[in-house]
1. Taking region 105-116 as the search range and keeping residues that are out of contact with any helix residue (DSSP H, G or I) (no Cβ under 9 Å at 6 or more places or on another chain) and free of Cβ contacts under 8 Å to residues at least 60 places away in the same chain, which one is surrounded by the most Cβ atoms within 10 Å (Cβ to Cβ)?
2. So Arg62 passes all but one of these: (1) at pLDDT 90 or above; (2) surrounded by 14 or more Cβ atoms within 10 Å (Cβ to Cβ); (3) over 16 Å from the mean Cα position of the chain (by Cα). Which condition number does it fail?
3. Of the conditions (1) of a type in the set (Gly, Ala, Ser); (2) farther than 21 Å from Leu138 by Cβ; (3) out of contact with any Leu (no Cβ under 7 Å at 6 or more places or on another chain); (4) surrounded by fewer than 20 Cβ atoms within 10 Å (Cβ to Cβ), Gly11 satisfies every one except a single condition; which number is it?
4. Tell me the strands (runs of 3 or more DSSP E) entirely within region 54-131 that contain at least 3 residues that are over 19 Å from Val3 (Cα atoms).
Amino acid sequence: MLVATYNAHRGRGPVGWFRPHRILGVVAEIAPDLIALQEAQHSLRRGRPMFDHAAIAEAGRRALPAAERPDHQGWRGNVLLVRRDARVIGAPLGLRLGGMEPRGALLAVLDLGQEPIRVAATHLSLGAADRLRQARALLAAPESGPGQGLPTLLLGDLNEWRPGSGALACWRRNSARRRPCRLSRPSAPWRRWTGSWRGRVRG
């Protein structure tokens, strides 16, 4: 199973031009079973989706809208793209995480061809205190949400690069099994900004 996470930065490149097709080009090249996108909202027209549905289909993927906003591609800038043949067991639910700049997460139960898993895709705040509160909220959400007892895959832009403290330490203490992945931001590969986390949350 190949998964990925990518901060789309509202479809703007280094010089600020709006080029969402380049994001989908990367998605098509990686060809993941699942990819979580952050800041995947239109930078020029508020309320409009960043991606054209036909372009998503051309990349061999489909977007999973949140149950709360079925007419949108995602939730608070978070978008989940999956293979067209992926089985959705539990439609994505939007979770409000708060913070100085409102943040959220998408929670879904999927079967990508190996075993059913629970997925949490998010974008945490820059502030350490907000990140810790959001990490705790993400831990609490699966206890009452769909897919209880399934392996949980947490991925997104975590804005955290301190493995022994903050949000990562919170998840380490509360996961029975964990497999953190070290990923980097293309413009700053020496820093860890994004990542994924797999394990079973202790009930």
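The values are calculated or read from the model by the stated rules, or taken from the named source; none is laboratory data. Here the structure is a predicted model, which is why all the values come from computation and not from measurement. We place every Cβ from the backbone using ideal geometry, glycine too, and count neighbours over all the protein chains shown.
1. Here is the first cut: in region 105-116, the residues out of contact with any helix residue (DSSP H, G or I) (no Cβ under 9 Å at 6 or more places or on another chain) are 106, 108-116.
Restricting the remaining residues to those that are free of Cβ contacts under 8 Å to residues at least 60 places away in the same chain gives 108-109, 111, 115-116.
Numbers: Ala108: 25, Val109: 21, Asp111: 12, Glu115: 9, Pro116: 14.
Checked region 105-116; the qualifying residue surrounded by the most Cβ atoms within 10 Å (Cβ to Cβ) is Ala108.
2. Unmet condition: (3).
3. Gly11 satisfies all of (1) of a type in the set (Gly, Ala, Ser); (2) farther than 21 Å from Leu138 by Cβ; (3) out of contact with any Leu (no Cβ under 7 Å at 6 or more places or on another chain); (4) surrounded by fewer than 20 Cβ atoms within 10 Å (Cβ to Cβ) except (4).
4. Working: elements: 61-63, 79-83, 87-98, 103-111, 116-123.
It comes to 87-98.
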